[in-house]
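Participant: This is the structure I have questions about; it appears just below.
The values are calculated or read from the model by the stated rules, or taken from the named source; none is laboratory data. Bear in mind that the values here come from a model prediction, so they are computed numbers and not experimental data. Backbone-built Cβ (ideal geometry, glycine too); neighbour counts: all protein chains shown. For the accessible areas, the whole protein counts, side chains as well, though only heavy atoms, and no ligand, DNA or RNA atoms are used. Shrake-Rupley method; radii C 1.70, N 1.55, O 1.52, S 1.80 Å.
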Amino acid sequence: MRSLHTERHRTQHISGLRAAVLGANDGIVSTASLIIGVAAASASQSAVLVAGVAGLVAGAMSMAAGEYVSVSSQSDTEQADIARERTELATEPAKEHAELAEIYVRRGLDATLAQEVARQLMVKDALAAHVRDELGLSDVASARPLQAAVYSALAFTLGAGLPLLTAWLAPEAYLASVVGVASLVFLMLLGALAAYTGGASILKGITSVTFWGAMAMIVTAGVGLLFGAMG
Ligand SMILES: [Zn+2]
């Protein structure tokens, strides 16, 4: 039967989008800052590029590791909840039926109808009904650690690749400033895209990522200059 549900809700994609934007934002800010810092310490263009590539790989791997660990623990919690639910359904089906009916009453059904809906759904697939309506877990939102790790590493790599490519193409004498300006433009575009797809204020989206990105680059450039002067 053709699905009647044709309108697309932003919320379905929001968590994946947010992870991708955060990953790309991290990639741009951390790699651009690293490149600007090393360039400010008057390193050669090839040394800057080596540092940039190392920063990209290290950043992507740490993003993937961090995402995998955090989503895995979420997945473990979900699996533990589902296992507990399975046990409760096996040992106390009547109490579980009352619990589910109560949830439907709270959602607006009258008690008789709620009891009947709970009964029919538990006959069809009791665990699925409880996992969905009691635990609030759905297939769409269930934790996928490996997928999350790969996505965030990819997003970081795409983000980091922008200032790195700019550093490769920029004239050596103006490398730090060209990477700085280009990275701020990349951040503005990313901020606008994230705000637009999330249905939020575009101006606010641009301002916040650009401000913090600029702060990170300025501070790192300062540190690079300091070390360059001491070198
Ligand atoms: Zn239950």
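Participant: Being loosely packed, with under 12 Cβ neighbours inside 10 Å and more than 10 Å from the ligand (Cβ to nearest atom) is the filter here, so list the residues in segment 74-86 that pass it. If you could, list the steps in order and put the result at the bottom.
Facilitator: We begin by selecting, within segment 74-86, every residue loosely packed, with under 12 Cβ neighbours inside 10 Å; these are 77, 80, 83-84.
Those that are loosely packed, with under 12 Cβ neighbours inside 10 Å and more than 10 Å from the ligand (Cβ to nearest atom): THR77, ALA80, ALA83.
Participant: Quick check on this structure: which one of SER42, SER70, SER46 is open to solvent by 40 Å² or more (accessible area, probe 1.4 Å) and not in a helix (DSSP H, G or I)? Show your work before the answer.
Facilitator: Numbers: SER70 fails: not in a helix (DSSP H, G or I); SER46 fails: not in a helix (DSSP H, G or I).
Exactly one of SER42, SER70, SER46 is open to solvent by 40 Å² or more (accessible area, probe 1.4 Å) and not in a helix (DSSP H, G or I), namely SER42.
Participant: Hey, can you tell me all the residues within segment 191-210 that are open to solvent by 50 Å² or more (accessible area, probe 1.4 Å), of a type in the set (A, V, I, L, M) and in contact (Cβ under 8 Å) with a residue 60 or more places away in the chain?
Facilitator: Listed by number, the list holds a single entry, LEU193.
Participant: Which members of segment 91-124 meet the condition of being more than 13 Å from the ligand (Cβ to nearest atom), under 37 Å from the mean Cα position of the chain (by Cα) and open to solvent by 80 Å² or more (accessible area, probe 1.4 Å)?
Facilitator: If the condition is that a residue be more than 13 Å from the ligand (Cβ to nearest atom), under 37 Å from the mean Cα position of the chain (by Cα) and open to solvent by 80 Å² or more (accessible area, probe 1.4 Å), then ARG106, ARG107, LYS124 are the ones that fit.
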